[in-house]
Each structure stands twice: as C-alpha cells, then as structure tokens.
Amino acid sequence: MRLNKYAILIAVFWVSFTYANPLQQVRDFTSEQLSDNLFVLKSTGSNTNVGIFMGETFILLIDPFVGNANNTKLVSAIRKLSDKPIKYIINTHSHSDHIGANSFYIELGADVISNRNGQFYFNNELISSEDKYTIDVGNEKLDLLHFISHTTDDVIVHFRKNNIIFMGDTYMHDTYPHAYAGGSKGQFEVINKTLSLSNDSTKLITAHGRFLTKKAEFLSFKEKSELWYEKINALNEQGESMEVIVRNEELINISKMFRPFSLGYFEQQVRKTVVAERLISK
Ligand SMILES: [Zn+2]
C-alpha cells in the first residue's frame, strides 16, 4: 500500500463576534494520497470528498465544497500539500453540495469546467457539445465523460495515467442507485462505461462517504442494481401503486443487500426510483 495519510489540523482557537458558537467553526481535514499527484481531501464536518490534482504548475480541484464557512480552511488545508496556484475547478454535477464554492474559487483566479445539460463549459464559454471532453495538462490526460444519470449534467473524470476515476454522485457506496434523472438506463450507462475503463487496479472515487472502490466491489454494485431495477420495473409494469411497491417484501430484501437502511430512507429512494423509471419509459 502506498497510501500516505496526513492529518491536517486546522486552528482550534477562533475569535469572532460573527459566530455564536465557535466550536461549529472548528474543522479537521484529512487528506489521503491516491497517487504521486492525486489526493482526496475530506473534512470531518462535511461528507463531501474533494479531489486534488497536482499539475506541474497548478492545482486542479474536483467538487471543492465543504460548506461556505469552511472555504478558506479548505484552502489552508490544500496549502499544506502545495503552494501552486489553484487554477481549475471541475464540477461533477450541478448540485449545490458540489458547486457551492465556485464563485469563491473564481475570485481566487480559478476557472470552472462543468457540464450543463450535455454541453461542456469553461466558465460561461461553451467548449463542447460532445459527451466527452479531454483536457491535456502535460503530465496527465483527463477525460470528462457526460452522462444523464444522477442529474442531467453528470461528469465522471477519468485520469488516464493515474488509472483513477472520480464518479461524482453517479455511484455511492453501499447504497441504492441515485439515478434520479436518467433512471436505470442512465445508471447502467455509467456502470458499463466505468467497467470498460477499469482494471483490477483502477481506483473509483465517490464524492461522499468512504471514497475508494475497486472494480470487484463495483461489479457487485452492478449486480445488486440489476435486481433492484428489475423488481421495481416488474412491479411498475404490473401496474402496482407506489404504496404497494414500497411495501413489497422482495424489494425490501433486495434493498438489504446494499446495506440495511431505515424503512423511511428505503421508501424515499424507492419513490424517487419509481418516478425516474416512469419518466424514462415515457
Ligand atoms: Zn448530487
């Protein structure tokens, strides 16, 4: 294992009249090294995993948002790793817990690369309407691949030389598919493309929770997802109502293969899945 761990402790003492509870402002960051030039930085106060790529002359960040009150602390944590300028931000999709710090980084001089409804943008400039956009940063090539799955503007980021793929929210550990926009069609497009790019040493990085997955675990996610969607779609095709679908014993048992969650969370996710499946079957 070549994973080096750094625990970066951010100043514990905080004097401010602005914040009623100074303890809320204390955040610890942990960074994990994935390769010579790729890291994941995580705040204990936030569930988002921030990707950090060290270019030869610059830093590129993926989804650098751990709460607005912590933007400068996140930069301080990044500064423990490198003092190169933060030049690029990649958004894996447009949910606020991923793009929330864009304007903060733009003010620091960074440019944002994102997808909006299938088109790639460099800040507000349209750069491609294709589903793939490649960035050559000298010592690495990054393929940005667009999917409609979790949202209409999902981007997975494939670092070719590093053999590392940042999945955004198209895949989350141990939990049901979150393909609210693309349904099963979009979810399996992401899964199959990711598998085609992966070998046994590929590192798949999720945006939330425990962040590292290998291909074997991802394959098992695919199998569970197939059972999940098959059952939901079968019930849907039988014309069952939402209330009947969320009480289906077999579906409850399939859901436990991901991880046993509360019935409330299960129901919420089934409802969202049914809505997405009905949408894409139209
Ligand atoms: Zn999301």
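The residues in segment 196-218 that are surrounded by fewer than 18 Cβ atoms within 10 Å (Cβ to Cβ) and either touching a Ser or Thr at 6+ places or on another chain (Cβ under 9 Å) or of a type in the set (S, T, Y) (or both) can be counted, and the count is 6. Checked against the criteria, F147 counts as within 16 Å of the ligand (Cβ to nearest atom), under 22 Å from H95 (Cβ atoms) and of a type outside the set (V, I, T).
Yes or no: K256 surrounded by fewer than 18 Cβ atoms within 10 Å (Cβ to Cβ) and either within 21 Å of the chain's Cα centre (by Cα) or in a strand (DSSP E or B) (or both)? So K256 does not fit the description; no. If you go through segment 225-241 and keep only what is surrounded by 12 or more Cβ atoms within 10 Å (Cβ to Cβ) and at pLDDT below 95, you end up with just N236. Beta carbons closer than 7 Å, at least 6 apart along the sequence or on distinct chains, pair a first residue in segment 174-193 that is more than 16 Å from the ligand (Cβ to nearest atom) with a second that is in a loop (DSSP other than H, G, I, E, B) for D174/R259; E189/S149. Among the residues that make up segment 108-117, is at least one of them within 25 Å of G182 (Cα to Cα), surrounded by fewer than 16 Cβ atoms within 10 Å (Cβ to Cβ) and at pLDDT below 95? Taking every residue of segment 108-117 in turn, at least one turns out to be within 25 Å of G182 (Cα to Cα), surrounded by fewer than 16 Cβ atoms within 10 Å (Cβ to Cβ) and at pLDDT below 95.
The values are calculated or read from the model by the stated rules, or taken from the named source; none is laboratory data. Owing to the predicted nature of the structure, the values given are computational and were not obtained by experimental measurement. Neighbour counts run over all protein chains shown; Cβ positions are idealised from the backbone, glycine included.
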